[in-house]
Every structure is written in structure tokens, then in C-alpha cells.
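A.B. asks: There's a structure below that I have some questions on.
The values are calculated or read from the model by the stated rules, or taken from the named source; none is laboratory data. Values in this document were obtained by computation on a predicted structure and should not be read as measured data. FYI the Cβ positions are ideal-geometry reconstructions off the backbone, even for glycines, and counts take in every protein chain you see. Keep in mind that these areas ignore ligands, DNA and RNA; they rest on the heavy atoms of the full protein, side chains included. Shrake-Rupley method; radii C 1.70, N 1.55, O 1.52, S 1.80 Å.
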Amino acid sequence: MPRLLYLLPFLLLACASDEPTEEKATFDRGAMLAHWADNLIVPAYQDFTAAARALDASVAAYAAAPSATTLTVARGEFETAYLSWQRLSPLMVGPGQELRLREQINVYPTDTARLLGQANDDLTLPSNVDVQGFPALDFYLYGTGDPARFATELSRLTARIVELSAAAEAAWTGGYRDTYVASSGNSATASVDRTVNVWLEWYERNLRAGKVGIPAGIFGSTPLPDRAEAPYHGGLSKALFLEALDAADDFFSSDPSLAAYLDALEVRRDGELLSSRIRAQFRTARERATGLDANFATQVRTDHTAMLQLYDALQANVVLIKVDMLQALGINVDFVDADGD
């Protein structure tokens, strides 16, 4: 009998954790999905597709009449489109995921040997993700000393970006949006679970590791400045990071979104609302990034400790989001993080 009394609280706790709370049942997940679709995802596609088309047109103008002026315009449109991509990349659920936009638009470092050889590879093949997208454009526009020599390749790459983005945007506005919002249940295949997993995987692999941790040498013994984003431009990587960080914060914080969901459940950590802890950690990461060099490659060469401190700030939110938040919302992780976090 004493043994049964000892086990009783644990049995009750196990049973209770399987039942949805009243707050969870009354939170409008459909409204959150509509907000994500109508105010974040579709506008991000529209903005990025427009920016990609402007980039494509500027590259075409440069190819037709190479000059310092047309090159400056093309480079400016490259920066605008690359920054716009940071708003779209975290939201690669549905058509964008199926079309593999992330893999084809921003895998770095790019293979410069193949790009110099002008191999004219089939850009649809998975083996060619490192010879296209923004990293390849970065090399052609800033790393060769003679971009006009690669005018044909520049045009081919920008046209591919437009093709991919326009196709995904058309799918979202052509019917997928309604399908996405309607799938408001609480299961691994429902839209909330899938979107949160896509966003969190991007946060860990692309924002935390790709933009900061790998160049800073967090996964090895030495910094790797050649792994920084946009290394040939030489002054864009911090701006890309800050835009991506703002996109991550907006997805979490904008109402009705994950912060409101957690607040409806009154989820706390150490007596403080979990949403407040996560927002504060976003602010900490932003503060640590603000003082860094505009070129993350230069930053890791001169003082990689500051980059490691930025990584730590990003990592702190991984724990809050991946453990505390997902547990509170009943969402299971559906991807494997290679570094074990």
C-alpha cells in the first residue's frame, strides 16, 4: 500500500499531461495560422519575388551594356534581394519546402572553382546547390574582378531565383493558403506543428550555426572566416544576420502568434512569462550583434570571441524554445540537430 501511495502522484501527473488544458483548447490556432499566412508568409513571398525580378532586370541591363553605372545598380538590387530573402527563409513551409528554395537560393560557401569554369550545370540537380543562388551571385559580382565576363551566368542565376520564388508564391496565393489555415489541429502533420518545426530548424541551422557558429569555429578548433555569409561583398553579412534575427523575432512575437499562445497558457519559467524570457533573449542577441564588424569574416579574424558570445545568446533561446515552449504547446521536434542541441 505505501508503494501505491508513492506512485499515485506520478500516475496522476502522467494522466494530466496528456489532456489538453482549457486555455489550449480555447486558443484560436486558426487565427494564428491566418496571421502567419496573410501577414508574414505571403507578403514575404511577394516582397522577395518583386526584389528578385528587380535584380534579374538589373543584371539583364548590365549584361546588355556593362558599365560602372549598370554594375552599381545590379549590386544594389543584389543587396536588396538578399536582405529580402532573410524574411522569407524562416517560413519555408509548404510549396517553398517542396521546391527546395533554401537549398537552391542560399547554400554557402559556393564552389568558386566550378563557377570560374562556367560549367553550365543543371541547376535543378541537388548536387548543384553550391553553384547557384545568392552565394554564387556574390562571387560573380564582387569576387572575380570582371563581372561582365560572367554576364550570361549572372542572368541564368537570377532567372532561376525568380522562377523558384514565383512558383512558390503562386502556389500560396492559388489555394495553398486556405489549405494551410484550415489545418489547425494539434498533430505532427498539422500546420502549426510543421511551421514551428520549419522555423526552429532554420533558427538552429541557418541563423545560429550557419551565420554565426560555423564561421566563429564553434564546431571545431579554429574560426572559419571563409564560411561567413556573403564573403566577397565584404560588408553585408551582419546586415543579413540582423534582418534574419528580426524575422525570427517577428514570427515569435507578432500577435496572434507563439508569444500570445504561450501567454494564453500562462507558461512561465522561474516565475517569469516564458514569452518575456524569449523576447529578452532576442534583444540580447541583437545587442551583441550590433557592435560587430559589418563583415563577419573580418570579425572572426580579429575577435572571434565576440562572435562566440553572439552564438551563446542565440543558443540560450534554443533551450527556451525547443524545450520549454515546445513542451508547453505539445509540439514534437521532427528534425535531427547534428550538433546535439
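A.B. asks: Tell me which residues, restricted to segment 240-255, are open to solvent by 40 Å² or more (accessible area, probe 1.4 Å) and either part of a loop (DSSP other than H, G, I, E, B) or modelled with pLDDT under 95 (or both).
C.D. replies: Residues of segment 240-255 that are open to solvent by 40 Å² or more (accessible area, probe 1.4 Å), as a first pass: 242-243, 246, 250, 255.
The one that is open to solvent by 40 Å² or more (accessible area, probe 1.4 Å) and either part of a loop (DSSP other than H, G, I, E, B) or modelled with pLDDT under 95 (or both): D255.
A.B. asks: Test each condition in (1) at pLDDT 95 or above; (2) within 27 Å of P43 (Cα to Cα); (3) part of a loop (DSSP other than H, G, I, E, B) for A285 and report the one that comes out false.
C.D. replies: Evaluating A285 over (1) at pLDDT 95 or above; (2) within 27 Å of P43 (Cα to Cα); (3) part of a loop (DSSP other than H, G, I, E, B) leaves (3) as the failure.
A.B. asks: Looking only at segment 256-276, which residues are in a helix (DSSP H, G or I), touching an Asp or Glu at 6+ places or on another chain (Cβ under 8 Å) and of a type outside the set (A, V, I, L, M, F, W, C)?
C.D. replies: Residues of segment 256-276 in a helix (DSSP H, G or I): 258-264, 274-276.
If we keep only those that are touching an Asp or Glu at 6+ places or on another chain (Cβ under 8 Å) as well, we get 264, 274-275.
Answer for segment 256-276, where residues must be in a helix (DSSP H, G or I), touching an Asp or Glu at 6+ places or on another chain (Cβ under 8 Å) and of a type outside the set (A, V, I, L, M, F, W, C): just S275.
A.B. asks: Another question, then. Going through segment 225-240 one residue at a time, which ones are out of contact with any Ser or Thr (no Cβ under 9 Å at 6 or more places or on another chain) and acidic (D, E)?
C.D. replies: Of everything in segment 225-240, just one residue is out of contact with any Ser or Thr (no Cβ under 9 Å at 6 or more places or on another chain) and acidic (D, E), namely D226.
A.B. asks: Which numbered condition trips up S237, out of (1) in contact with a Gly (Cβ under 6 Å, 6 or more places away or on another chain); (2) among the polar types (S, T, N, Q); (3) surrounded by 17 or more Cβ atoms within 10 Å (Cβ to Cβ)?
C.D. replies: So S237 meets the others, but not (1).
A.B. asks: Being within 17 Å of W85 (Cα to Cα) and not charged (D, E, K, R) narrows it down to one residue among S165, S155; which is it?
C.D. replies: Values: S155 fails: within 17 Å of W85 (Cα to Cα).
Among S165, S155, only S165 is within 17 Å of W85 (Cα to Cα) and not charged (D, E, K, R).
A.B. asks: While we're here: Could you run through segment 296-319 and say how many residues are open to solvent by less than 10 Å² (accessible area, probe 1.4 Å), within 30 Å of R268 (Cβ to Cβ) and of a type in the set (A, V, I, L, M, F, W, C)? I'd like the intermediate steps shown before the answer.
C.D. replies: Going through segment 296-319, the residues open to solvent by less than 10 Å² (accessible area, probe 1.4 Å) turn out to be 296-297, 300, 307, 310, 313-314, 317-318.
From what is left, the residues that are within 30 Å of R268 (Cβ to Cβ) are 310, 313-314, 317-318.
Of the ones still in play, those that are also of a type in the set (A, V, I, L, M, F, W, C) are 310, 313-314, 318.
The total comes to 4.
A.B. asks: Identify, please: which residue in segment 70-87 is of a type in the set (A, V, I, L, M, F, W, C) and without any contact (Cβ under 8 Å) to a residue 60 or more places away in the chain and is, among those, most open to solvent (accessible area, probe 1.4 Å)? Before you say what the answer is, go through the steps one by one.
C.D. replies: Kept after step one, since they are of a type in the set (A, V, I, L, M, F, W, C), are these residues of segment 70-87: 71, 73-74, 78, 81, 83, 85.
If we keep only those that are without any contact (Cβ under 8 Å) to a residue 60 or more places away in the chain too, we end up with 73, 85.
Working: V73: 76, W85: 3 Å².
Out of the qualifying residues, it is V73.
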